[in-house]
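Below is one structure, written out as structure tokens, with a few remarks after it.
The values are calculated or read from the model by the stated rules, or taken from the named source; none is laboratory data. Note that the structure is predicted; figures quoted are calculated from it, not measured. All Cβ positions, glycine included, derive from the backbone under ideal geometry; neighbour counts span all protein chains shown. In case anyone asks, the SASA skips ligands and DNA or RNA and just uses the protein heavy atoms, side chains included. Shrake-Rupley method; radii C 1.70, N 1.55, O 1.52, S 1.80 Å.
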Amino acid sequence: MRGLFSFLLFALLGAVQAASYTGSRLLVVLEDESEREKYSVLLEDLTARGYHTTIESPKSESLSLFKHGERGYDHVILLPAKSKGLGPALTANNFLDFLKKEGNVIVALSSEYATPTAVQSLLLELDIHIPSDKGALVVDHFNYDSASASEKHDVLLLPYPAALKPDLKNYFGGDGFIAFPRAVGQTLGNESPLTAPILRAPSTAYSYNPKDEADVVEDPFAVGTQLNLVSALQARNSARLTVVGSAESLQNKWFAEKATLAGKAVKTENRDFAKKLTAWTFKETGVLKVGKFVHYLDDGVSKRINTSAAIPEHNPTIYRIKNDVHFAVEISEYSYDHLTPFVPAPSDAVQLEFSMLSPFHRLNLTPISHTANATLFGVSFKTPDQHGIFNFYINYRRPFLTNIEEKRQVTVRHFAHDEWPRSWQISAAWVWIAGIGVTVAGWLAFVAVWLYSAPTMERSGKKTQ
Amino acid sequence: MPNIRDSSNVSFCRLSPSTALSKSVSLGGTDSLKLLLTTTDGKKAKRPHQAFLTLTDPTTGLEESFIFNVKESGKAKVDLTQKDLPHQFLTSSKPISASIVIASFGASEPYKSKVFDLDIARDPNVPLAVPEKPVRYAAEQEIHHVFREGPRSPPKIITLVFAAAVLGALPVLFGVWLTLGANADHVGKALGGAPISHALFYGSVIAMEGIFFLYYTSWNLFQTLPAAAVVGAVAFLSGSRALSEVQERRLAGLR
């Protein structure tokens, strides 16, 4: 009976953990209860993945992102609202504090509604820029859905994004087309390494405001690939914020809609893309976990690096300069509901720094072996010829992956007096060693002669005089 | 028909909507590029909503669009100097591809085509303010510690020559002693006079050298000192007897 109970408990825990690596409490901020129906498939999908959804209106008295000073929810989806203000519970500062507590946020924008000032200043704080005027949207006269927007060209049909750079993994890839109706474009500041575009607009797209009377675009907010339809921020504490330019693209009606791109009939894959977006933002994908962090002296035979999966973390605290050292670290990646071995992108590498103030070694780690849910990365090197307090330091920061920052401190000591090579091993010393030998032999011979020499004839004659 | 004019040496090029110029257009530091064209929808001149000159860096994929100033009549114009270009284009090693995008709402057919390559001839004497590259998270350059050079020994042959010279000094010394009449003829006499003392004394002198040798090769100070004390005491006690025997020989005129 008790076994059954604990089994049920574990099953429950498993169900809770299945959703996200960090938690399953999800807050959906939705002003108009009637709008809920429009997002029902998205919300059902999230519930099916294990999230416990709370839907609140920004006007609700009980709404608060925090409870007893800790975050009250793990994730927030902010859907666009008619009213310009979001109320005292959802200020830009509250969202930033929520990010500081490692909460994740999806902000969905819509060109139909004015973006609330709280959201505007939140995005400004994060160096994500959106057009300030209400109604500005992204159009593209080349990649539009001619079934629903044959005149206005404001429903963009775009393929899934490719990897941002060749050394980054792509968590948003797929086959097919995604519809972006009436999207609010964003641009990213160039300074921050924390922001990254998830989906860029095509090079022929531009942002304009249909309310402008001019029939020629003269001063657009941004054009081409500088314009993002979906952008992401991952803070230093790995909290994630995703800005979706078009809240409409998350609605039921675009999840599997028939659309026409340049005369060709296509089906929109928004449901799958929305899954990938929410999964990434809510830490179901792209989450790294460090397992064992092992380093040990290479003493020749007893421990080989490829058998170190069995070695517990008994790390020595002291090494000597010029020691041969092996290092190994286990890294897993969380993927939807389980940990998998982490494989970096082809031209990327996890790097180990052996550092005292600044790195003396920075070495690429190579995968040595895989277990069911982790990759063991390792490298061997020689400790530098400088004594001091060093760190084995892994600082792995990449867009779309949670940050790894792990260090272990060790002392690197000098040679002890009996660890230096002996003088006979140094050829330059042979002359001096020979000199000592000659002195010893000469001394012994001298003592013998002094003690036992018999006088020669002339000498004795001289002496007797 | 689009027209292109390079005003410094006032050269004109005629662009074609279907094919790009085979020759690249050069833009020097003081030059300005003027692009004139008339937009049409079908046969009729018309004002489009979008008329961009899009420059693309072929290596990085960076894009920047310049907007044509379009009149009601469809006459469009854009001016371009090096000042308008972002620094990435100015430092690009390859020519920058320029395409024209003309599009509008409704059913009108959009136009996008590469029209020419822009070769930016920058004056190397003019300093260019290139902002520092912003931080991006990526794998960094590997660092391998450069070890200090170890101590070196001179060539072995030189060492061996000098070691041989040092070792050769011993026979020379012995030879000189022999010519001066050094010998050990009184060993028998000494051992006859004080056998135990002489054996112990000379033995302790050899043993002391042996202790020094062991200290050099394997012993530590705490093994060396007691042994040296024992051997030293033996040498002191036996030495006084042995040296009195030597004194007796000297007094007997045998030294």
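Values for this structure:
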quantity: Nearby aspartates and glutamates by direct alpha-carbon distance to A:K322 (threshold 17 angstrom, same-chain neighbours under 8 apart not counted); calculated: A:D298, A:D299, A:E353, A:D385, A:D418, A:E419, B:E149
quantity: Residue pairs, from the table A:K84/A:K253; A:K100/A:K292; B:K34/B:K75, whose Cα atoms sit over 24 Å apart; calculated: A:K84/A:K253; A:K100/A:K292
quantity: Centroid-to-centroid separation of the stretch B:22-54 and the stretch B:140-159 [C-alpha atoms, Å]; calculated: 64
quantity: Threshold 40 Å², the stretch B:139-174 residues less accessible with all protein chains present than alone (1.4 Å probe); calculated: B:A139, B:E140, B:E142, B:I143, B:H145, B:F147, B:R148, B:S153, B:K156, B:T159, B:V166, B:L170
quantity: Eligible aspartates and glutamates near B:K133 by straight Cα distance, threshold 16 Å, same-chain separation 8 or greater; calculated: A:E191
quantity: FRET efficiency estimate (nearest 0.05) - Cβ-Cβ, A:D385 to A:V447, R0 45 angstrom; calculated: 0.45
quantity: Over 52 Å [Cα-Cα, the protein assembly as shown], rounded percent; calculated: 42
quantity: Residue pairs, from the table B:K77/B:K114; A:K134/A:K276; A:K165/A:K267, whose Cα atoms sit over 25 Å apart; calculated: A:K134/A:K276; A:K165/A:K267
quantity: The stretch B:220-255 versus the stretch A:258-293: alpha-carbon centroid distance in Å; calculated: 96
quantity: Normalised alpha carbon radius of gyration of the stretch A:287-413 [divisor 2.2 N^0.38 Å]; calculated: 1.05
quantity: Mean Kyte hydropathy of -0.5 or more with a Cα span along the axis of at least 27 Å, helices from DSSP in chain A; calculated: A:430-452
quantity: Pairs of Cα atoms farther than 21 Å apart, the stretch A:118-190, %; calculated: 45
quantity: Of B:T217, B:T40, B:T91, the one that fluctuates the most in a GNM where chain B has Cα springs shorter than 10 Å; calculated: B:T217
quantity: Rounded accessible area of A:H387 (nearest 10 Å², 1.4 Å probe); calculated: 90
quantity: Nearest-ten-degree value, helix B:221-251 long axis tilted from longest Cα axis of chain B; calculated: 30
quantity: Delta accessible area of at least 40 Å² on complex formation, residues of the stretch B:54-88, 1.4 Å probe, chain isolated as reference; calculated: B:E63, B:I67
quantity: Charge dipole magnitude, Cβ of K and R +1, D and E -1 - the stretch A:262-406, Cα centre, debye nearest 20; calculated: 400
quantity: For the stretch A:66-207: accessible area per residue (Å², 1.4 Å); calculated: 37
quantity: Cα centroid of the stretch A:118-164 to Cα centroid of the stretch A:35-51, whole Å; calculated: 23
quantity: Those residues of the stretch B:178-196 for which accessible area with every protein chain present is at least 50 Å² below the isolated value (1.4 Å probe); calculated: B:N183
quantity: Accessible-area composition of the stretch B:78-145, carbon plus sulfur, in percent [1.4 Å probe]; calculated: 51
quantity: Cα pair distances of the stretch B:115-255 binned at 5 Å [whole percent]; calculated: 2, 6, 8, 7, 9, 10, 9, 7, 4, 4, 3, 3, 3, 3, 3, 3, 3, 3, 3, 3, 2, 1, 1, 0, 0
quantity: Solvent accessible area, Å² - A:F180, 1.4 Å probe, full protein context; calculated: 0
quantity: Under 12 Å, Cβ to Cβ, from B:E64 - net charge with Lys/Arg +1 and Asp/Glu -1; calculated: -3
quantity: The stretch B:178-251 - percent of accessible surface contributed by carbon and sulfur, probe 1.4 Å; calculated: 74
quantity: Rg ratio (alpha-carbon, reference 2.2 N^0.38 Å) - the stretch A:19-281; calculated: 0.96
quantity: For the stretch B:178-251, alpha-carbon Rg over 2.2 N^0.38 Å; calculated: 1.33
quantity: Carbon and sulfur %, accessible surface of chain A computed with the full protein complex present, 1.4 Å; calculated: 56
quantity: Additional length obtainable on full extension of the chain from A:T439 to A:D418, 0.36 nm per residue less Cα span; calculated: 5.0 nm
quantity: Most mobile listed residue (B:I96, B:I157, B:I120) in chain B, GNM with C-alpha springs under 10 Å; calculated: B:I157
quantity: Pairwise burial B:A, computed as accessible area of each alone minus the pair, summed, 1.4 Å, Å²; calculated: 6600
quantity: When chain B is reduced to its Cα atoms, the Kirkwood hydrodynamic radius in Å; calculated: 28.6
quantity: Efficiency of FRET between B:V161 and B:L254 - r from beta-carbon atoms, R0 45 angstrom, step 0.05; calculated: 0.55
quantity: Given charges at beta-carbon only (K, R positive; D, E negative), |dipole| of chain B in Debye; calculated: 560
